[in-house]
Amino acid sequence: MTPLSQERRTLQRSDAESSVVRNCDARDGLAAIKEPATQLVIWRRALPSRLRDWIDRLEVSSLPEIRILIEPGELRPALEPLLDDCGLDAGEMRDLLVEDVAGLVRTFAEVTNSELVDVRLERVDHDACWKFHRDSVAARLVTTYRGPTTEWVRMEHAERALLDQKEFAGPLERLGDHDVAIFKGSCAGPGEGVVHRSPPIAGTGRTRLFLCLNQRTVVSPDPWAEG
Ligand SMILES: [Fe+2]
């Protein structure tokens, strides 16, 4: 192979890889998950530092454990009383957190064309979902507000990771702190879905605050109703 054709081949390969896993620097870019070739879109972002510091300093006992099925416009009235119940006091920082979750719920609803969104905002201090897997959904949005972030593997290493599990020697990718990702899952079609796992944290003393958005399924709670 001549150096030129080798270079062209490398370019073609990196083009193909970049359409499978896309990075964006704005919320709008998450819509790229609708493209057939795209399996994962990552919005590389940073939270305002005062919000990040506030979340990191919260008492573990007040980190929320919430699951609701809502229309995007209902997020604030639905979430606020539940946060009160968790002992997370109202205030400017809590408003910023709710606003952030509300924005992501709106975006996910638009991207997946869903009237209702199944919202899970939960604290995680164990190794649930530590196994490499594909989600049994068409698409799922995740972000980690506190603690270690979701780990994933590129498509060419997916089968090896599923086979080797804890012995998988990599390469392993990791979302950046507060990045927002939409993963395609196995229900998107044959051969689809990005293999990933929750980071193992049991015994580290760390607690994650994790947001996961899904379309409605048979295991979703009933739709939220005021009062
Ligand atoms: Fe998953």
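Derivation of every value follows stated rules applied to the coordinates shown; laboratory data play no part. Predicted model only: the values in this text are computed from it and were never measured. Note: ideal-geometry Cβ built from the backbone for every residue, glycine included; neighbour counts use all protein chains shown.
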Dipole of the stretch 21-215, positive end: most advanced residue of 73, 213, 202 [Cβ charges, Cα centre]: 202
Sequence ranges 77-85, 219-227, 159-167, ranked by mean other-Cβ count within 10 angstrom, highest first: 77-85, 159-167, 219-227
Two-site label geometry, residue 216 and residue 56: point separation in nm, points 7 Å out along Cα→Cβ: 4.0
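Based solely on its DSSP helices, what 222 nm [θ] is calculated for the chain when runs of n ≥ 4 H residues each add -39,500 (n - 2.57) and the sum is averaged over all residues, nearest 500 deg cm²/dmol?
On the way: 5 runs with 67 residues, N = 227.
Rounded to the nearest 500, it is -9500 deg cm²/dmol.
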Charge dipole magnitude, Cβ of K and R +1, D and E -1 - the stretch 21-215, Cα centre, debye nearest 20: 580
For the chain, the spread of Cα positions along each principal axis, largest first, Å: 68, 40, 34
Antiparallel DSSP beta bridges within the stretch 21-215, percent to nearest 5: 90
The chain, relative contact order in percent, only Cα pairs under 8 angstrom and at least six apart counted: 26
Furthest towards positive pole of dipole, 37, 170, 139, structure part the stretch 21-215, Cβ charges: 170
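Do any trypsin sites (Lys or Arg not before Pro) in the stretch 19-49 lie in a DSSP loop with no more than 16 other beta carbon atoms within 10 Å, and if so, which? Don't skip to the end; give the middle numbers.
Values: sites: 22, 27, 34, 44, 45; in loops: 44, 45.
Taking the stretch 19-49 and a limit of 16 other Cβ atoms within 10 Å, the loop trypsin sites (Lys or Arg not before Pro) found are 44, 45.
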Neighbourhood charge, 13 Å Cβ-Cβ cut-off, centred on residue 69 and excluding it, Lys, Arg +1 and Asp, Glu -1: -2
Mean-position separation - Cα centroids, the stretch 100-152 and the stretch 177-219, in angstrom: 5
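Determine the shape class of the stretch 160-227: with a ≥ b ≥ c the square roots of the Cα gyration tensor eigenvalues, call it rounded for a/c under 1.5, and otherwise prolate if a/b is greater than b/c, oblate otherwise.
Since a/c reaches 1.5 but b/c is at least a/b, the shape of the stretch 160-227 is classed as oblate.
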Paramagnetic reach from residue 27 in the stretch 38-58 [backbone N under 19 Å; point 7 Å along Cα→Cβ]: 41-52
Summed side-chain charge close to residue 28 - residues other than residue 28 whose Cβ falls under 15 Å, Lys, Arg +1, Asp, Glu -1: +3
